[in-house]
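Peer 1: Would you mind keeping the following structure in view while I ask a few things?
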Amino acid sequence: MPVMLKKIKWFWPWEDEKEETWLREMSRQGWRLATVKSFGRYAFNQGDKRDDLYYADFELNKKDLENNRKQLQDSGWEYIGGLPGRQYYRRPAERCPPAEITANTKKKLVLYQHIITYLVIFSPIYTVIFFRVFNTQPYPWWEIIRFIVFILVLLWAYVMVRLFLRLLQLTKK
């Protein structure tokens, strides 16, 4: 029975390269990615220490998912599994020329724009909740609710700024 290691590690959507680097380091330590259960939950099987490259492919269109998977597998990438919209692949580093490692920038731009669109669409709801919470105080513990809503609004703003910065970075490449 293989030894399995479960790790919880959070990566923001714009940290895809950081996630791929971390998965590569885990492989160098002898832990090969087996599954990704949900964002931040990884399962690894113990094996030989190898230098494997990992690639997180973003595909929002279900029709193109199988085509992308076949195309990547035909070029030597092993499909590991994934989550809706995000698929994980592995390939030994020695079989991958540096030029081939570069991720599909256009796909990433579409993904980040998609996330920003959802954040913008739901911003009126955040605004209504924010002002509703800050203009009333029906209960003594309402200050806790205000604090939580304030933190969530700050988090929303942080995510928006980071995604815009990542979009600018990718468009300059």
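Peer 1: Scan segment 24-58 for residues that are closer than 12 Å to Y89 by Cβ and of a type in the set (G, A, S) and jot them down.
Peer 2: Hit for segment 24-58 is A56, nothing else.
Peer 1: Right, next: Which one is surrounded by the most Cβ atoms within 10 Å (Cβ to Cβ) among residues in segment 17-30 that are touching a strand residue (DSSP E or B) at 6+ places or on another chain (Cβ under 7 Å) and under 17 Å from Y55 (Cβ atoms)?
Peer 2: L23
Peer 1: May I pose another question? For segment 38-45, check the following and say yes or no: at least one residue is within 21 Å of L167 (Cβ to Cβ) and either under 10 Å from the mean Cα position of the chain (by Cα) or surrounded by fewer than 19 Cβ atoms within 10 Å (Cβ to Cβ) (or both). Before the answer, list the steps.
Peer 2: Here is the first cut: in segment 38-45, the ones within 21 Å of L167 (Cβ to Cβ) are 39.
Pick out the ones that are also either under 10 Å from the mean Cα position of the chain (by Cα) or surrounded by fewer than 19 Cβ atoms within 10 Å (Cβ to Cβ) (or both) and you get 39.
Checked segment 38-45: at least one residue is within 21 Å of L167 (Cβ to Cβ) and either under 10 Å from the mean Cα position of the chain (by Cα) or surrounded by fewer than 19 Cβ atoms within 10 Å (Cβ to Cβ) (or both).
Peer 1: Taking the criterion of being under 23 Å from Q113 (Cβ atoms) and at pLDDT below 90, would at least one residue in segment 18-30 satisfy it?
Peer 2: From segment 18-30, those under 23 Å from Q113 (Cβ atoms) are 18-20; that's our starting set.
This time we only want the ones that are at pLDDT below 90, so: none.
Within segment 18-30 (the criterion being under 23 Å from Q113 (Cβ atoms) and at pLDDT below 90), the answer is no, since none of the residues qualifies.
Peer 1: Quick one: which helices (runs of 4 or more DSSP H) sit completely within segment 1-111 and have at least 1 residues that are in contact (Cβ under 8 Å) with a residue 60 or more places away in the chain and of a type in the set (D, E, K, R)? Walk me through how you get there before you give the answer.
Peer 2: Details: elements: 16-28, 62-74, 98-101.
Those helices (runs of 4 or more DSSP H) span 16-28.
The values are calculated or read from the model by the stated rules, or taken from the named source; none is laboratory data. Note that the coordinates shown come from a computational prediction; the quantities given were computed from them, not determined experimentally. Neighbour counts run over all protein chains shown; Cβ positions are idealised from the backbone, glycine included.
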